[in-house]
1. Where the centre of each part is set by its Cα atoms, how far does region 48-111 sit from region 125-202, in angstrom?
2. With the contact rule set at Cα under 8 Å and sequence spacing of 6 or more, what percent relative contact order holds for the chain?
3. Work out which chymotrypsin sites (Phe, Trp or Tyr not before Pro) in the chain are exposed loop sites (DSSP not H, G, I, E or B, at most 15 other Cβ within 10 Å) and give the longest gap free of them.
4. If we count other beta carbons within 10 Å of each Cβ, what is the order of 76, 197, 39, 22, fewest first?
5. How long are the semi-axes of the ellipsoid equivalent to the chain, from square roots of 5 times the Cα gyration tensor eigenvalues, in whole Å, largest first?
6. Name the long-range amide H neighbours of residue 101: under 5 Å, sequence gap of 5 or more, or other chain; modelled H, no Pro or chain starts.
7. Can you work out the Karplus-derived ³J(HN,Hα) for every residue in region 102-115? Use 6.51 cos²θ - 1.76 cosθ + 1.60 with θ = phi - 60°, whole Hz, and x for glycine or proline.
8. Among 179, 103, 33, which one moves the most in a GNM of the chain with springs linking Cα atoms closer than 10 Å?
Amino acid sequence: MDCQTKQRISLSEKLKLWPLSILVSVREWRFALQALPFIWHRTFLRSEWWRCLLFFQRSAWRLSVDYYLDKNAPDIHCFGETPLITLIRICRRVGIDANDEFLEVGAATGRNCFWLSSVVGCRAVGLEQIPDFVHRAECVASWSQCADQVRFVCGDMGEMLPGHPSVVYLYGSNLENELIQRFATLCSELSVGVMVITVSYPLTDYLQESFEVVDAFPVAFTWGVTTVYVQKVIRYD
Ligand SMILES: C[S@@+](CC[C@H](N)C(=O)[O-])C[C@H]1O[C@@H](n2cnc3c(N)ncnc32)[C@H](O)[C@@H]1O
């Protein structure tokens, strides 16, 4: 797809989405203010500084749209972030602590992994399929001197789950059913008791006998309120 076509698509989309984007911006600011008390950690602030700098010229949203346009993906709007305050609420409710290894599936720019590794103190692994995101996140980890606690892997969530996670987090509301099915199968092969957190749908919808939903609660995103499902891996012998 040539640059002009990309430009035309982005301009018409921008016009259509203009009123919605104002509402989303207001919500984003409100969420950011609510998260303020939880960000005052030197390593996290350093990573935020480098992360913002690396996405200053070309935003994460733009980079993601360009990637999926080039791939001729049926849906090019795969980028979205869990508001930090929502992530904090999920972590508290699930009880994630420094002893955990957190795997974020579809980690995008890596912000959640940076927050968990620096503020909560757990090891964090981010799996993401856009190479540019992974490369930038690795730079941020190295420049913020936290590469011993957080790492990023470029790959497909339907094919691999790196590391030895005790907690897996997936926020992907427009993923194809077939991909979620493959992700659920990979999760079912993890150790019994591993917690898998999913936004908007439980994995029992895809693989009923391999998971037990242990908690479900409402959370806020910029686009509205949805349910987070916490399920643990089970196995019948
Ligand atoms: C909605 S964003 C979520 C970002 C981040 N996890 C958060 O909650 O703030 C979903 C991310 O998953 C990535 N993704 C989509 N399909 C994937 C796949 N098959 N394997 C790995 N990552 C994927 C997208 O590129 C995008 O960055």
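1. What the calculation gives is 11 Å, centre to centre.
2. Once divided by the residue count of the chain, the mean separation gives 16 percent.
3. Details: sites that count: 40, 56, 223, 236.
Of all site-free stretches, the longest is 57-222.
4. 22, 39, 76, 197
5. Working: eigenvalues 149, 97, 67 Å².
Each semi-axis is √(5λ); the values are 27, 22, 18 Å.
6. So residue 101 has HN proximity to 166, 167.
7. Along region 102-115, the couplings run 9, 10, 9, 9, x, 7, 6, 7, x, 4, 4, 5, 5, 5 Hz.
8. Comparing 179, 103, 33 in the GNM, the peak value goes to 33.
Every number here is computed from the coordinates shown, using simple stated rules; none is lab data. Predicted, not measured: the structure shown is a model, and the values here were computed from it. Using ideal geometry, Cβ is built from the backbone for each residue, glycine included, and neighbour counts are taken over all protein chains shown.
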